[in-house]
Amino acid sequence: MSLEESKKRTREDSVESTEQLSSNDILAIVQEIKDHSGNAKDKLRYFRKKMPEFADKYPSLFQMACEPDFDIQRLSFMLNMRDNVSNQRISQHQASVRVGENLFKQYVKPLVDKQEADKKNNA
């Protein structure tokens, strides 16, 4: 292999390593991890060997996908927002607001509602 071919190959490799996976590819990989039997430690070990590129490129997502309580529906929602921004259907700000509202409704609002109900019951 010539020096020029080697340089070209290195550039191609670096481009491939920086490209993002599609949302569908990410969801398929995460679903495969989620469907695999075994505990989180077993999944980490198995899929790190099977999918080292994914584990290296998306380490936090890889780690979370191996956990038993990982919410793939939330991931799907967030990836959908990413796609909407990429396709210029919505702005990054709009996507951020929608994700924030979704998380608020899921986690914060139930706690606030419970505290308000507790106050009424104790009054």
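A short reminder: the numbers here are calculations on the coordinates, not readings from a lab. Since we're looking at a predicted model, the values are computed, not measured. Neighbour counts run over all protein chains shown; Cβ positions are idealised from the backbone, glycine included.
Can you pull out the trypsin sites (Lys or Arg not before Pro) in the range 66-123 that DSSP calls coil and that have at most 13 other Cβ atoms within 10 Å?
Of the trypsin sites (Lys or Arg not before Pro), the ones in loops of the range 66-123 whose Cβ has at most 13 other Cβ atoms within 10 Å are Arg89.
Compute a Gaussian network model of the chain, connecting alpha carbons closer than 10 Å, and tell me which residue from Leu111, Leu75, Leu27 fluctuates the most.
Leu111
Arrange the following residues from fewest to most other Cβ atoms within 10 Å of their Cβ: Asp69, Asp83, Asp42. Before the final figure, lay out the partial values.
Values: Asp69 6, Asp83 15, Asp42 12.
The order, fewest Cβ neighbours first, is Asp69, Asp42, Asp83.
With just the Cα atoms of the chain, tell me how far they stretch along each of the three principal axes, in Å, largest first.
Cα extents, longest axis first: 82, 40, 18 Å.
To the nearest 20 debye, what is the magnitude of the charge dipole of the range 71-123 about its Cα centre, counting +1 on the Cβ of each Lys and Arg and -1 on the Cβ of each Asp and Glu?
60
Let's test the formula: R0 of 22 Å, r as the Cβ-Cβ distance of Gln20 and Leu103. What FRET efficiency results, to the nearest 0.05?
So, using R0 = 22 Å, E works out to roughly 0.45.
Which residue fluctuates most in the GNM of the chain (Cα springs below 10 Å): Ile29, Ile72, Ile90?
The residue that fluctuates most here is Ile90.
Which of these, Pro59, Pro68, Pro110, has the largest mean-square fluctuation under a Gaussian network model of the chain (Cα springs below 10 Å)?
Among Pro59, Pro68, Pro110, the largest GNM mean-square fluctuation belongs to Pro110.
Let me have the 222 nm mean residue ellipticity of the chain computed from DSSP H runs of 4+ only, each contributing -39500 (n - 2.57), with the sum over all residues rounded to the nearest 500.
-23500 deg cm²/dmol
Please compute the contact order of the chain in relative form: average sequence separation of alpha-carbon pairs under 8 Å and at least six residues apart, divided by the residue count, as a percent.
21
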